Amino acid sequence: MNDRLRLVLALHQHQPVGNLDQVTEGVYRDCYLPLVETLADYPTLPVNLHTSGSLLDWLAGRHPEYTHRLRELAAAGRIEIMGGAYHDPLLPMLSQADRRGQINSFSRRLGQLFGQVPRGMWMPERIWDPALAADLAACDIEHTVLDDFHFHAAGLADDQLRGYYLTESEGGLIALFAGEERLRYLIPFAEPEETIAYLRDEARRHPGGVLVYADDAEKFGAWPGMRERMQNSRWLRRFLDALAANSDWLQVTTLGECIDHVPPLGKVYVPEGSYREMGPWSTLAKNVQHSPAESTSISPDTSDISAIPLAGTWRNFRVRYPEIDEMYCRMLQVSKRAQAAVAEDADDSHPLIEQARQALYRAQCGCAYWHGIFGGVYSPHLRQAVYRNLLAAESLLDIVAGRTEPWLSATIDDFNLDVHKELSLTSGKLGLFLAPDRGGQLYELDVRDVGANLLASLTRRPEPYHRQTATLASAAENAHLIYDSYARKSLLDHFFDVRCTLDQVAACAATEQGDFLAGRYRARLRRIQGGVCAQLARTGRAFGQPVTVTKQLTLWADRSVVDIHYELTGLPPGRPCRFAVEFNFAGLPPACPDRYFVDSQGRVLADLGHRLDLSGVGSLRLVDRWLGVDIGLSASEVGGIWAFPIQSVSRSQRGLETIQQSVAVFPHWIVVGDAAGRWSVDLQLAIVTSPAATRTTPGEAIAAAPPAKKEPGVARESSVRQSTQYVVDGPHAQPAPKSIIATPQRRVYEG
């Protein structure tokens with residue numbers, strides 16, 4: 001009988017879809033490559049390794065020698081490759097078809113690269129839902145790792161977690177291992193001797209037991225200060241030397257070996273949840289204090305782990321950050337359309353459908369759908385990557401549907417799942433989403449040629465870490481702690497005092513004289529020759545009296561232009577007032593020579609991180625040559641234009657940092673009604689696209705895996721929720737037993 005303590009080292013490598021190449025290259029150089037090369041020098045110490053599909057595809061393309069090295073180590077039994085969902089999505093967020101599709105697609109990809117099918121998988125962000133067991137079993141996954149925190153929620157104590165448990169859903173049986181939280185705070189922050197002492201104590205108390213360390217591989221070189229710790233103090237080699245030197249009582253092994261040689265501790269049903277730290281990050285409580293255990297400082301002190309409040313559920317990220325909810329709802333919309341296409345294509349004969357599904361899977365990468373110690377939703381390039389891939393999927397599905405000529409569609413539905421109806425106007429060039437119930441705002445503006453949502457903006461809101469002002473790098477950063485009282489979208493209607501200034505508006509210190517920002521607008525659609533119009537109107541109050549604002553948008557089938565007509569009625573007779581229409585354009589960073597403002601004469605005014613206070617003008621252009629867009633905004637009435645950056649302060653591993661989220665542009669006028677109290681203006685938003693400098697177009701979303709064959713375990717939805725649509729102009733110590741987990745090759749445990 002083997003009484004040695006088994007220790008599993010399960011390492012997770014991941015870089016999100018849309019991450020900057022230079023960032024991923026730096027992590028590869030400082031972490032992934034030296035980590036694997038160091039592990040290769042210790043043949044008696046096998047590990048589990050999970051590399052997310054988004055990172056694996058990047059590595060296979062940029063550093064094929066690295067994936068070849070992994071294949072050699074896997075073939076030698078030195079690395080047990082873990083599967084997972086392809087692009088590390090938050091699995092309970094997806095439909096069953098997408099969950100199983102992601103897992104099966106990634107297993108096929110791993111089979112191609114490494115010649116072996118994974119037995120276990122990494123659970124993204126350790127977000128668990130009991131129903132997931134059925135999906136894992138259907139995809140021939142035997143086991144996964146959660147945190148001990150999950151098992152505590154089921155009533156199990158630490159001493160009951162020195163092995164693994166079985167769980168099931170719909171008869172699908174899998175094994176659950178508990179990742180040790182204390183080990184997460186010891187490795188690699190404490191000296192190796194401290195971890196060895198802890199393991200020795202556990203070996204005395206639990207002979208033949210299993211402990212699992214499961215955490216991010218980036219801690220071994222990419223986290224702040226860790227590259228120096230690995231290289232200068234040789235922490236990893238000293239740690240591995242210590243493990244090898246204690247092999248008389250300690251066996252470093254893999255999850256698969258445990259399944260094959262250790263019986264389960266029993267059965268358990270673990271409730272929904274994630275790792276402990278995510279609770280306070282997602283809570284809706286206003287007074288949650290962040291525990292020191294959440295800090296980014298490198299410290300082996302774990303005395304405060306239990307001090308982290310048990311609050312919140314990861315699902316409430318969609319409430320705390322409506323921007324996440326917008327991406328989520330949009331993802332569901334595309335997912336339903338993809339499933340409908342799959343259902344219609346009975347023999348899976350159309351390769352573009354699989355390409356569309358792979359683009360959808362990339363858009364489901366979980367990093368942009370939450371916020372904690374990493375940038376998450378605060379990172380503009382991650383949000384844009386979500387929309388870029390959603391638009392890629394839509395473009396491919398449009399081709400499948402035969403939309404090859406100029407076309408338009410106008411749809412009314414509850415797109416954001418808030419019981420209110422929204423409007424969608426879409427052409428082959430642009431996509432507009434309007435929310436009549438929220439100020440008649442334009443909340444999504446898709447430029448389909450370049451795969452960008454110019455309204456993937458972020459509203460500035462208080463965060464618990466903003467109270468830690470002493471850690472701010474400078475007083476200048478304090479100036480960026482401005483909070484918005486409304487969502488930074490477009491077609492936002494403002495009434496200001498005539499003396500209102502740019503500085504007041506930029507500081508959110510200007511007093512609103514109207515109630516139109518969040519008011520409910522009446523909406524209707526109508527078709528015209530070659531276009532479709534959405535008209536929104538509201539009678540509210542401005543300067544204390546009834547005023548009606550009517551705005552009409554026209555989208556054309558064959559032009560990247562939106563014509564906007566505003567009419568104000570009921571204006572105070574003879575009283576001048578300042579009326580402004582706010583636009584926000586996201587994804588346009590500052591201090592870049594190829595991103596700038598241009599005036600009507602074609603002169604470059606400043607980069608997009610500057611403020612502009614222009615008077616006597618009727619137009620302004622915002623150019624982003626990297627993205628490949630030239631945004632022109634013009635008005636029929638000369639007035640003023642304010643433009644300024646919207647910058648947030650967020651937390652990352654490096655501390656607090658300022659990020660430009662969008663550029664706000666306010667055309668404004670001093671208006672006086674005519675004899676009937678009326679005033680009107682025509683605006684035109686024209687978007688010119690050109691080949692982007694370093695990216696592919698939406699239609700070039702190529703799947704990393706070959707077209708899928710039908711998966712017998714994958715359920716497919718046969719219908720899409722109905723909407724009203726108007727189409728315009730076309731188109732587990734017994735002697736070497738077999739595994740306990742039911743798969744086609746390994747059906748029952750045999751002692």
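The values are calculated or read from the model by the stated rules, or taken from the named source; none is laboratory data. These numbers were taken from a predicted model, which means no experiment stands behind them. Reconstructed Cβ throughout: ideal geometry from the backbone, glycine too, with neighbour counts over all protein chains shown. Keep in mind that these areas ignore ligands, DNA and RNA; they rest on the heavy atoms of the full protein, side chains included. Shrake-Rupley method; radii C 1.70, N 1.55, O 1.52, S 1.80 Å.
When you scan region 678-690, do you find a residue that is more than 24 Å from ASP607 (Cβ to Cβ), out of contact with any Asp or Glu (no Cβ under 9 Å at 6 or more places or on another chain) and surrounded by fewer than 19 Cβ atoms within 10 Å (Cβ to Cβ), even just one? No: region 678-690 contains no residue that is more than 24 Å from ASP607 (Cβ to Cβ), out of contact with any Asp or Glu (no Cβ under 9 Å at 6 or more places or on another chain) and surrounded by fewer than 19 Cβ atoms within 10 Å (Cβ to Cβ). Restricted to region 419-431, and to residues there that are among the hydrophobic types (A, V, I, L, M, F, W, C) and more than 13 Å from ALA557 (Cβ to Cβ), the residue that is modelled with the lowest pLDDT is VAL419.
Picking from residues in region 7-46 that are under 18 Å from PRO64 (Cβ atoms), charged (D, E, K, R) and under 25 Å from the mean Cα position of the chain (by Cα), the one that is surrounded by the fewest Cβ atoms within 10 Å (Cβ to Cβ) is ASP21.
Whether any residue in region 110-117 is within 16 Å of PHE177 (Cα to Cα), out of contact with any Ser or Thr (no Cβ under 7 Å at 6 or more places or on another chain) and crowded, with 21+ Cβ neighbours inside 10 Å is what I want to check. Checking region 110-117: not a single residue is within 16 Å of PHE177 (Cα to Cα), out of contact with any Ser or Thr (no Cβ under 7 Å at 6 or more places or on another chain) and crowded, with 21+ Cβ neighbours inside 10 Å.
Sort out which residues of region 585-638 are over 27 Å from LEU553 (Cα atoms) and surrounded by 19 or more Cβ atoms within 10 Å (Cβ to Cβ), and write them in order of number. Of everything in region 585-638, those that are over 27 Å from LEU553 (Cα atoms) and surrounded by 19 or more Cβ atoms within 10 Å (Cβ to Cβ) turn out to be PRO589, ARG595.
Identification of strands (runs of 3 or more DSSP E) wholly contained in region 550-614 with 3 or more residues that are under 30 Å from the mean Cα position of the chain (by Cα) yields 577-586, 595-598.
Annotation note: Cβ proximity below 6 Å between a residue of region 676-691 that is of a type outside the set (A, V, I, L, M, F, W, C) and a residue that is open to solvent by 70 Å² or more (accessible area, probe 1.4 Å) and in a loop (DSSP other than H, G, I, E, B) (sequence gap 6+ or interchain) occurs for no pair. Answer with yes or no whether ARG499 is charged (D, E, K, R), in a loop (DSSP other than H, G, I, E, B), at pLDDT 95 or above and open to solvent by 20 Å² or more (accessible area, probe 1.4 Å). Yes. Here ASP57 fits the description: under 19 Å from the mean Cα position of the chain (by Cα), of a type in the set (Asp, Glu) and part of a helix (DSSP H, G or I). Considering region 92-192, the qualifying helices (runs of 4 or more DSSP H), each wholly inside and each with 2 or more residues that are under 21 Å from LEU55 (Cβ atoms), run over 96-114.
Of all the listed residues (ALA217, ALA222), the sole one being at pLDDT 95 or above, under 26 Å from VAL23 (Cα atoms) and touching a Cys at 6+ places or on another chain (Cβ under 7 Å) is ALA217.
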